[in-house]
């Protein structure tokens, strides 16, 4: 039901608004060049090289299958957004299995997935040809596969005894770690920020492998931590280097297939070498991201994303007395409780003794590793935007799913869940028009803009979203215009 609902709200009216919306002017046209490369694409060369190629390839699959139109260039994002909700359901269900009853675990998983399926920002990103839905789906996949790898039934060399022999040979005994590596390499090949999740999860993998060495089943006298570290190092160094180092790199490089001209067998530093072309693109991307300067009216500091200080108008049109807008915004009824639930989960984990087997540690590491790097980067570059938070949002909802599962055991808890679900459904129905460019009267539109302190120092004040006012500082106050 969650899957069908997620698909329905993403596919309904997917061709609205007509034409290229916001950064579709880069990614849809690039993707067209990738898979069609005709005058129909409207460009003679790529219009943006700010990110690796895989996201353009994924958007291009829809264009190749359905044509170069709104449905064709947006369908891949819609599929990724739907799959993100599916994967989050499986992740939360797996984390809670064994911790709570099957019914409670199912309630928690359905809560998390349902919230992501109806999340305002996730819905908007799933209906435009941008990269962030792919990153979010792949980040959830990485976390899920790491959880499954950690829960494997281990052999004497740490191999997964539940996997077929041929799969163990193919994956150095770690099929789920191989899957995590493929997903991680793909996430980075869409956007470099897709790799942030590795910071926390690799630390979790290392800690869990050491803990497994320290307390092997059947051992009468568990070894000390120093011996456990040495044992884990000997057992895991080769699989970890290959699966967490080499495999993601191979996936990343493979995304450049057909996109860099030159000799594949030439030395990397030679002119005309494919490898030199790939390296030059990495340097160009690095210069672009480090060199972003100046202001943009829709930029916002990373600390302010979760409190919804400055959403982004992707599209706005006024005709025949009606406003149509696509506003990239979060739901305050779910984002703010989600952040609170994650904080309470951290306290609960600490009070439980900090066990690595508990679900809270996975959610905390995933959320923090996808968000904290932006707090650092936003201090050294301007022009960071609210949609960069999207890969963190699933883990806020996973925390809410955890609390829904815990509350399910009592009648007051079930009543609270029902009331909360009703409030979220009402908020989704209310805001849906400004997420999908449905027509609203000016007064109806203003009723959705809860914060309008849009005065800007030394620049015109925004009254409605205006593509002509695309320079200058952002508003100093809370502004949803």
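Where a number appears in this text, it was derived from the coordinates with a stated rule and is not lab data. Note that the coordinates shown come from a computational prediction; the quantities given were computed from them, not determined experimentally. Please note: Cβ atoms are built from the backbone with ideal geometry, for glycine as well, and neighbour counts cover all protein chains shown.
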TODO: Could you bin all the Cα-Cα distances of segment 244-328 into 10 Å bins starting at 0 and give me the percent of pairs in each, rounded to whole numbers?
DONE: 13, 25, 20, 23, 15, 4, 0
- [ ] Quick one: grab Rg to one decimal and Dmax as a whole number for segment 212-358, Cα atoms only, in Å.
- [x] 25.5, 80
- [ ] Under 1.5 on a/c is rounded, so check that first for the chain, then, if it is not, pick prolate when a/b is larger than b/c and oblate when it is not; a ≥ b ≥ c are the square roots of the alpha carbon gyration tensor eigenvalues.
- [x] oblate
TODO: Determine the calculated [θ] at 222 nm for the chain from helices alone, applying -39500 (n - 2.57) to every DSSP H run no shorter than 4 residues and normalising by the residue count; nearest 500 deg cm²/dmol.
DONE: -18500 deg cm²/dmol
Task: Shape of segment 334-481, Cα gyration tensor, a/c cut at 1.5 - done: oblate
Task: Rounded FRET efficiency, nearest 0.05, which uses the C-beta distance separating residue 157 from residue 429 and R0 of 60 Å - done: 0.65
- [ ] Taking just the C-alpha trace of segment 64-120, give me its Rg and Dmax in Å.
- [x] 15.3, 48
Open item on the list: Quick check on the exposure proxy: order 374, 57 from fewest to most C-beta atoms within 10 angstrom.
Closed with: 374, 57
Task: Projected label distance in nm at residue 4 and residue 38, using a 7 Å step from Cα toward the beta-carbon - done: 3.8
Open item on the list: Can you order the peptides 116-122, 130-136, 144-150 by their average number of other Cβ atoms within 10 Å per residue, highest first?
Closed with: 130-136, 116-122, 144-150
Open item on the list: Rounded to the nearest 5, what % of DSSP beta bridges with both residues in segment 2-448 are antiparallel?
Closed with: 80
- [ ] Name the shape class, rounded, prolate or oblate, that the alpha-carbon gyration tensor gives for segment 61-197, where a ≥ b ≥ c are the square roots of its eigenvalues, rounded holds for a/c under 1.5, and otherwise prolate holds if a/b is larger than b/c and oblate otherwise.
- [x] oblate
Open item on the list: Could you check the spin-label model distance between residue 287 and residue 267? Points 7 Å from the Cα along Cα→Cβ, value in nm.
Closed with: 2.4
Open item on the list: Place a point 7 Å from the Cα of residue 206 along the Cα-to-Cβ direction; which residues of segment 339-367 have their backbone N under 19 Å from it?
Closed with: 355-357, 361-367
- [ ] With a Förster radius of 51 Å, plug the Cβ-Cβ distance of residue 464 and residue 167 into 1/(1 + (r/R0)^6) and report the FRET value to the nearest 0.05.
- [x] 0.35
- [ ] Find the Rg to Rh ratio for segment 377-454, where Rh is the Kirkwood radius over alpha-carbon pairs and Rg uses the same atoms.
- [x] 1.10
- [ ] Would you give the gap between the C-alpha center of segment 174-189 and the C-alpha center of segment 412-428, rounded to a whole Å?
- [x] 36
- [ ] Set the Förster radius R0 to 22 Å, insert the Cβ-Cβ distance between residue 279 and residue 372 as r into 1/(1 + (r/R0)^6), and round the FRET efficiency to 0.05.
- [x] 0.15
